[in-house]
Amino acid sequence: MPSKDHRVSIDEFHLLYLRSDNAQLSQQVALLTAQVAQMQAAPPRRKCPVAVPDKFDGSLAQVPAFFGQCQLYMSLRPEDFPTDQDKVGFLISLLSGSAARWATPLLTQPNQVLDNYTEFCHQFQAIFEDPVRSQTANRCLRELKQGRGSLMDYIYYLFILLDLYAAPSPKTWGAHS
């Protein structure tokens, strides 16, 4: 039969073991509680209702549509574009052809325009925007004929030209972001 001293040391051993086990369980509970709180705090990532804009290859006629699509996409995902650098990087990632070749020096040499979305837009437009956009639209309006196309195609093209002719200056692009 174990002595009284021996029984006390076994009881103390069990007590130490239970305290250690309790401490480990407490740590696990704290960790799980923190993880649950983090999961509850983070809202689920929603799917963007618009597609990523098409690549821009440098076509003058595509500049307004490209910028419009990019502005819409970025405005619907503000958490993805919190800084000017994020916005500029997104636009550059959508460039191809001559537009990508234009942007290459911006990426390979130190350049502050990468940190300034408005300035990037101004430089981009100086290269790719039709410098006589309203005159071009005016000429196209005067030359517009329905021809063999459908009436809907004619009206659609007419509205596009009217929009180009009456649209605000592209110099304001990027100023509202």
Considering only segment 65-93, state which residues are closer than 30 Å to Gln135 by Cα and either out of contact with any helix residue (DSSP H, G or I) (no Cβ under 7 Å at 6 or more places or on another chain) or surrounded by fewer than 18 Cβ atoms within 10 Å (Cβ to Cβ) (or both).
Ala65, Phe66, Phe67, Gly68, Gln69, Gln71, Leu72, Tyr73
Does Ala137 satisfy the condition of being modelled with pLDDT of 75 or more and not aromatic (Phe, Trp, Tyr)?
no
Among the residues of segment 115-150, what is the count of those that are under 18 Å from Phe56 (Cα atoms) and of a type in the set (A, V, I, L, M)?
2
Within segment 90-114, how many residues turn out to be at pLDDT below 95 and either among the hydroxyl-bearing types (Ser, Thr, Tyr) or closer than 30 Å to Arg46 by Cα (or both)?
4
Which of the following residues is closer than 26 Å to Leu161 by Cβ, touching a strand residue (DSSP E or B) at 6+ places or on another chain (Cβ under 6 Å) and assigned to a helix (DSSP H, G or I): Ala103, Ala99?
Ala99
What is the one condition in (1) at pLDDT 85 or above; (2) in a loop (DSSP other than H, G, I, E, B); (3) not polar (S, T, N, Q) that Gly147 does not satisfy?
(1)
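Can you confirm whether Ile160 is at pLDDT 90 or above, of a type outside the set (Lys, Arg), surrounded by 14 or more Cβ atoms within 10 Å (Cβ to Cβ) and assigned to a helix (DSSP H, G or I)?
Working: at pLDDT 90 or above: no; of a type outside the set (Lys, Arg): yes; surrounded by 14 or more Cβ atoms within 10 Å (Cβ to Cβ): yes; assigned to a helix (DSSP H, G or I): yes.
Taking the combined requirement at face value, the residue does not satisfy it.
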If Arg45 passes every condition in (1) modelled with pLDDT of 80 or more; (2) basic (Lys, Arg); (3) within 22 Å of the chain's Cα centre (by Cα) but one, which one does it miss?
(1)
Assigned to a helix (DSSP H, G or I), among the polar types (S, T, N, Q), farther than 26 Å from Leu161 by Cα and at pLDDT below 95: does that describe Gln35?
yes
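The values are calculated or read from the model by the stated rules, or taken from the named source; none is laboratory data. Note that the structure is predicted; figures quoted are calculated from it, not measured. No Cβ is skipped: glycine too gets one built from the backbone with ideal geometry, and neighbour counts run over all protein chains shown.
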